[in-house]
Structure formats: C-alpha cells, structure tokens
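S.K.: Take a look at this one; I'll ask things after.
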C-alpha cells in the first residue's frame, strides 16, 4: 500500500521539474544571440553575472567566440529548439497524466521532430569543433557527443515502443530522453550553485565537476519517474530474474575492483582529482543505496516486477565503473588526450551509458514476456484434434 505522502511527493517533483524547464526555456533560446548580434539580450548571462560575478561569466565566454561563430547557425537552431523542448516535455507529461490521448500524440510528433532537428544542430557543431576546442576541453566534448547519441536513441526507441504497442516501454524511453535533455538546465544550476560550495573555481572547472555526476543524476531521475508511474506488481510472462544473485554478485565484485582503480587514480591527481572524485562518488553512493533498498523492499512486498527492474538497473550501476575504466585507455589512444582527461571522460559517460543499456534490457524483458504470452495462447489452438472414424458398414 502506498503512503499518502507519495502523491504529494510526485506532484511536488512534477511542479519542480516544470518550473525549472519553463524558467530555462527563454535562457536556452537567447543563449547564442550575442554571438550573432553583439549586445543582444542573453538572460542566462544576466542571471549568472548576478548570481556569481560578471568576471566569472566573462572569463568563461571569452574563448567561445571562435568555436561558436563558425557553427553559429546550427548552434542557434539547437539552442532555440532546445528551449522549445523544455516547454514540450512538461506538456507531454501533463497530457499523458490527464489521458488526453489525441493531444499527447500530436505533441509527441512535434516533440520527436524537434529533438531530431535540435540534435542535428548539435551534431553539426560537434563535427566542426575539435575536442580540444570544445568548452572545457575534450572530456566535455565526449560527454556532449554521448548525450547527443543517447538522446537520439532514446527518442527513437520511444517511438518504436509507441508504434509497437508497448506504452510502458514508450514511457520509459521518453522519460530517459527528457532526462538527457535536462542536463542542460541542471548544468546551468550547477554553474550558479557550485561556486558557493567550491569558491574560486572557474566555469570550466565547474564543468569538470558537473560532468562527473550529471549523467547518473538524470538517468536515475528517469528511473525513479518510471518506477513511480508503473504500479504493476507483476508483468504477465515475466518469471525468475535476468539478474539473479550470482550475476548481481559478480557485477558487485567487478564494479568494486574498477571503482578502487578509479579512486586510486584520482587520488594521484592532487586536490583537483579529489574534488572530481567527490563529485562522482557522492551521487553514485546515493544512487546505489536507493536502488539496493528499493529492490529489497519490493522483494519483501511481493512486487516482483519492481524488484526485477530495480535489480537490472542496480547491476548496470555496478558495472558502470568497469565501463569507465575500460573506456579510459580507448579515449587516450583514439583522441590523444592525457590520462586524467581520458579518465574523467570515461567516468562521466559510464553511468549514463549503462543506464541506457539497462533500459534496453528491461525493454527486452517486457517484449520477451509478450512473446511468451502469445505462444502460450496460440499453443492450445494449434494442438491437433483427434479424429474419430466411423465403423465400416
């Protein structure tokens, strides 16, 4: 039985996300205007200058003139449409909650087309910009590229879920897609908030801390939203677990070994490494604790489907450091970056990539269950009927 406060919590979370999105929309839409027309209003710069300091903003944007101007049109398309997506997302959640099916479908088409168009603009910018010329360097370029791919994949799988008659999977993928989009306003909040916790850092250094956890935060938020909206205790055709205790134990051991290597590496980088490590470990620990407790609680309450989904995502979270450790030498060799940069890039993308993989496994779990139901239903109809021959006359 759900506690009465759960409904209040859901409404509060929805209101908070909507407020952030609506407030960020005009900031996103005007962010690139000064590069096209010097002196044009940019609400984001205005707010950040008063939240932190004008020098903080000026130093950050001084190196952006060249990289932005040679891809100005794609970037403006990306930012303006990104602002529109901030408004379409809450509208989609509202129409789904109110069961306005026709409006939801129309807005869904607009949302998907806008995502593709906006990500095309971002892709053109990234293709024209060398990793070392990106804002905050190669690690940030890798994170932006990963976010672009994740956003496009998630909206595509969301469309496939709707067309294929899997509304639950459609919901999961679209929430994940919007989670990736929310990295933009959340990063701006960190630009304004982290200087109070870490005074003296530049915006570039703030970016390095932020990417340590933004991917895990938004994908975890999408999972929380999915589990909150999915109240089923079981799914027909789902039995057993694709993440049994031996698999979960092996994932924990591999993850612990990789995490120990990551911690040791960052401790060798001095104060900056310890700062990045804290930015990674604290959200990771909170996410792990919530997933582990939720999976155990669901098991005790007999909610088998919730337990299975929590365990699949927990397994993926444990394996995220393994991916990060494995990606580090790949980034070093393919992009020619130093070890600290490659490690930060690997850590930054690990949780987001594995959360996307876990959502794909959950989708396969549901589709496999449907196939089992179809086969069990069709089996009796396909069974041969006995034929009784009449006696010879």
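For (1) buried (at least 21 other Cβ atoms within 10 Å of the Cβ); (2) without any contact (Cβ under 8 Å) to a residue 40 or more places away in the chain, each residue gets a yes or a no:
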| residue | (1), (2) |
| --- | --- |
| 76 | no, no |
| 91 | no, yes |
| 96 | no, no |
| 100 | no, yes |
| 104 | no, yes |
| 109 | no, yes |
| 116 | no, yes |
| 125 | yes, no |
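S.K.: Further question: Just one of 387, 275, 375, 307 is modelled with pLDDT under 95, at negative phi and assigned to a helix (DSSP H, G or I); which is it?
M.R.: On the way: 387 fails: assigned to a helix (DSSP H, G or I); 275 fails: modelled with pLDDT under 95; 307 fails: modelled with pLDDT under 95.
It is 375.
S.K.: Identify the single condition in (1) over 18 Å from the mean Cα position of the chain (by Cα); (2) in contact (Cβ under 8 Å) with a residue 24 or more places away in the chain; (3) in a helix (DSSP H, G or I) that residue 337 does not satisfy, given that it satisfies every other one.
M.R.: For residue 337, the exception is condition (3).
S.K.: Does the stretch 52-64 hold any residues that are surrounded by fewer than 16 Cβ atoms within 10 Å (Cβ to Cβ) and assigned to a helix (DSSP H, G or I), and which are they?
M.R.: 54, 55, 58, 59
S.K.: Something else: In the stretch 32-47, what residues are touching a residue at least 40 places away in the same chain (Cβ under 8 Å) and over 16 Å from residue 68 (Cα atoms)?
M.R.: Within the stretch 32-47, 44, 47 meet the criteria.
S.K.: Right, another one. Restricting attention to the stretch 197-208, which residues are part of a helix (DSSP H, G or I), more than 14 Å from residue 271 (Cβ to Cβ) and in contact (Cβ under 8 Å) with a residue 40 or more places away in the chain? Full working, then the answer.
M.R.: Keep residues of the stretch 197-208 that are part of a helix (DSSP H, G or I), which gives 197, 203-208.
Filter once more, so that each one left must be more than 14 Å from residue 271 (Cβ to Cβ): 197, 203-204, 206-207.
Selection gives 203, 204, 207.
The values are calculated or read from the model by the stated rules, or taken from the named source; none is laboratory data. Being a predicted model, the structure only gives us computed values, none of them experimental. Because the Cβ atoms are built from the backbone with ideal geometry, glycine has one as well, and the counts that use them run over all protein chains shown.
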